[in-house]
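The structure under discussion appears below in the form of structure tokens.
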Amino acid sequence: MSAISFAQGKGAPKSDSYTPVPESDLESLGRHCEFEYCNQLDFLPFKCLSCHSTFCLDHRSETAHRCPHEGEWARRRNNSPASATGQSTPTQKPTIYNSDQCAHVSCKTLINTLKDPGVKCPECRREYCLQHRLKEQHDCAKIAPRLGGSANAPPSDTIRSMFAKVRTWGKDKSQAAATAAAAAKPKPKANSPAARIAATNAMKKSAKGDASVPADKRVYLHVVGTSETQGAEPPNADFWFDGRWKVGRVLDDAAKRLGVENNNNRVGEEARLRIFHVESGDFLEFSESLGGGKVKTGDTIVMLRGAGVMLGK
């Protein structure tokens, strides 16, 4: 049985201040980076040997995550008795993740440790414990020789492919969760300031108008035209107008854009189109300026034919 040597002492260089977190099973792979403001979900996380926290690929080094115990792992290594004699000792109990396993099918002995060295068979090119080191003890004649590479090398390409798929799946799942969270975010109440701001921003994106009007002079309004038949739905759209325009010019421009017939210069007072400002509940005078203070961006105006009385008359 082959082993995956990702942990310290086998998979990570001895000069590194971090080590990959062992992947004991696919269900427990995901870890969140503990660096402040990151919290990224990483399926191949690293553990800092100084502060013992878990980090993603970008923040695995002491400098990247501003380690509060920077250099602690190096000081422990330099002060250990083994470092003085030039020998290295394992920093944790041998496991399947930081050592190899005897290649005999029924043996579970962990080899290549200080207690159990591994012995490589020159015939089948596999490594065994001392008990199964002889050819007769591991039925060498029935085993096909391994061609090149490490004696107990794991199927690294398959493993990399598997974890690449898991990493991709985790990224897609995180994006899907973020999209779902955004969709589930409660919407502001209809009459709240937040709802009004959102509606105004949406109006500005869809509004049309005279391109020559300066952006700082534009007043964005929802305009509803008049219906010539009682059952027909009146035309409506979002437009911008120059706040310096008179209401009469606003009416002419809005009627033209919505395709509403405007005969104000040829009909009597009772048949004229007038603009009704929904928010104030008043009809606007033709001679007053649109940006006089009563009408604001985001408001609604309605064109009505033969309704109301001109203010001031």
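None of the figures in this text is laboratory data; all of them are computed from the coordinates on show. Remember, predicted model here, so these are calculated numbers, not experimental data. Please note: Cβ atoms are built from the backbone with ideal geometry, for glycine as well, and neighbour counts cover all protein chains shown.
General observations
- Protection proxy ranking of 271-284, 235-248, 43-56, 203-216 - average other beta-carbon atoms within 10 Å, highest first: 43-56, 235-248, 271-284, 203-216
- Spacing of the two label points (7 Å from each Cα toward its C-beta) at Lys205 and Leu134, in nm: 7.9 nm
- Karplus-derived HN-Hα couplings along the range 291-303 (A = 6.51, B = -1.76, C = 1.60, θ = phi - 60°), whole Hz, x at Gly and Pro: x, x, x, 7, 9, 10, 4, x, 6, 10, 10, 10, 8
- Extension gain, Leu114 back to Asn78 (0.36 nm per residue minus Cα-Cα distance, nm): 11.0 nm
- Structure note, pairs Lys208/Lys256; Lys256/Lys296; Lys120/Lys142; Lys204/Lys256; Lys217/Lys256; Lys47/Lys108: Cα-Cα distances above 18 angstrom occur for Lys256/Lys296; Lys204/Lys256; Lys217/Lys256; Lys47/Lys108.
- Charge sum, other residues only, whose C-beta stays under 13 Å from Glu34's C-beta, Lys/Arg counted +1 and Asp/Glu -1: +1
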